[in-house]
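One structure below.
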Amino acid sequence: MQKILLSDLKNGMITAEDVFSVDGQLIVPKGIALTENLIARLFSFDIFSIKIEDEILTTNLTDADFTEISYAEKLKASPDFLAFKEEFKENVDKLEFSLNALVEKNAEFDAQSLLSDTMGLIERRDSPTGIMDMILNMHDYDDCTYAHSLNVALICNIFAGWLRFSPAERELATACGLFHDVGKIQIPPEIIKKPDKLTPAEYKIVKTHPLESYKMLSRYNLPDDVKNAALMHHERCDGSGYPYGFTSEKINRFAKLVAIADVYEAMTSSRTYREALCPFNVITHFENDGLQKYDPAFLLPFLENVVNTFLNQQVRLTNGLEGRIIYINPVALSKPTIKVGNRFLDLKELDNVEIEKII
Ligand SMILES: [Fe+2]
Ligand SMILES: [Fe+2]
């Protein structure tokens, strides 16, 4: 092992210790073969010298040696994803047409046909859990109310499967997700699409949508759970929700399920006022104040299963390093262990490093 000045570093040299910034942020872990990018990264942190192993990799490594096609790129190029995307777009268009007919009190609204199309979107796939990946990668397509509703319906379907609901209840959960926000189409688009913070008066208008949804759905012969899930999907178990401030025992169980799917979908998709959040940030959010607001009997299985869909995926960390998720810690779901090069980083042990992006 030898200590070496940054200006003398060369590609292929192997770090002999973890290199930290002055504020304790891990910049490059031990055992990593240096590349031009990593050396530039060390310079950017004003590091003066680092310890490296005596042996040096003889082949001249470039950053290209470390870049493989990301999972997201592979998924987006796959025939199954392209077929899903086409069907998704068709379903969103049909949903838009039908829900507008609903607002205009036109009798053409056919809830069963919309639901059958949504069920078909899932049932035609080989791996239903893969839908969660597809949804995340569909977010750059469209985030209007209609696409949001279809996404929430798909998430509710997968979620109900994780909760071992019967096939009939699973279909019911899907319908609850599909129609939960119908009342939103009554709200002026300039409020729904407003890029800035809503004024108290505008927020008051937005908060009418659960009751509006309930009233609209009540005109049709739909299961009570579908209407109640729409009415109560913004209620929270600690009484902090709206429109009535109901606590856990008064909230419909399908509304509890939709509430979780709805927040997860909204936070992982981009909005006019913010970028999409990484699913791991959303999981941290749920871990921090979720157990008071959402029913733990639903929330815990949801988080555990969502996190497991990311096992083996490639991620970028907030310290710039990239690696693969190789172990999910059941007591710290948002802090898995990442394999970076030939090193293992347990995020639970590293206070200031988080997953920034799934790549
Ligand atoms: Fe809503
Ligand atoms: Fe929603």
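Values as computed for the structure displayed
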read-out: Matching option when the condition is out of contact with any Pro (no Cβ under 8 Å at 6 or more places or on another chain), in the same structural domain as V226 (by TED's automatic domain parsing) and not basic (K, R), among V263, V282; value: V263
read-out: Residue in region 178-190 that is over 20 Å from E96 (Cα atoms), in contact (Cβ under 8 Å) with a residue 12 or more places away in the chain and either over 27 Å from the mean Cα position of the chain (by Cα) or not in a helix (DSSP H, G or I) (or both) present; value: no
read-out: Count of residues meeting criterion [away from ligand 2 (no atom under 16 Å from the Cβ) and either hydroxyl-bearing (S, T, Y) or within 28 Å of K193 (Cβ to Cβ) (or both)] in region 223-273; value: 5
read-out: Condition check for L154: within 16 Å of ligand 1 (Cβ to nearest atom) and aliphatic (A, V, I, L, M); value: no
read-out: Exclusive hit being touching a Phe, Trp or Tyr at 6+ places or on another chain (Cβ under 6 Å) and surrounded by 15 or more Cβ atoms within 10 Å (Cβ to Cβ), set A266, A261; value: A261
read-out: Conditions (1) modelled with pLDDT under 90; (2) not in a loop (DSSP other than H, G, I, E, B): number failed by G161; value: (1)
read-out: Number of the condition not met by S166 [criteria: (1) within 16 Å of ligand 1 (Cβ to nearest atom); (2) within 29 Å of T309 (Cβ to Cβ); (3) more than 24 Å from the chain's Cα centre (by Cα); (4) not hydrophobic (A, V, I, L, M, F, W, C)]; value: (1)
read-out: Residues satisfying the stated conditions in region 267-308, i.e. among the polar types (S, T, N, Q) and touching a Ser or Thr at 6+ places or on another chain (Cβ under 6 Å); value: T284
read-out: Unmet requirement for C237, which otherwise passes all of (1) under 12 Å from the mean Cα position of the chain (by Cα); (2) surrounded by 23 or more Cβ atoms within 10 Å (Cβ to Cβ); value: (1)
read-out: Extreme residue, surrounded by the fewest Cβ atoms within 10 Å (Cβ to Cβ), among residues of region 269-302 that are β-branched (V, I, T) and touching a residue at least 40 places away in the same chain (Cβ under 8 Å); value: T272
read-out: Per-region count, region 320-353, residues touching a residue at least 40 places away in the same chain (Cβ under 8 Å) and not small (G, A, S); value: 10
read-out: Residue match in region 196-206 (condition: away from ligand 1 (no atom under 12 Å from the Cβ), among the aliphatic types (A, V, I, L, M) and within 28 Å of M132 (Cβ to Cβ)); value: no
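Each row is one residue, and each column tells you yes or no for (1) outside the structural domain of A230 (by TED's automatic domain parsing); (2) buried (at least 21 other Cβ atoms within 10 Å of the Cβ); (3) at pLDDT 80 or above; (4) among the basic types (K, R).
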site: L95; (1), (2), (3), (4): no, yes, yes, no
site: N106; (1), (2), (3), (4): no, no, no, no
site: Q112; (1), (2), (3), (4): no, no, yes, no
site: L115; (1), (2), (3), (4): no, no, yes, no
site: I122; (1), (2), (3), (4): no, no, yes, no
site: P128; (1), (2), (3), (4): no, no, no, no
site: D143; (1), (2), (3), (4): no, no, no, no
site: N151; (1), (2), (3), (4): no, yes, yes, no
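The values are calculated or read from the model by the stated rules, or taken from the named source; none is laboratory data. All of these numbers come straight from a predicted model, not from anything done at the bench. Glycine gets a Cβ as well: all are built from the backbone with ideal geometry, and neighbour counts include every protein chain shown.
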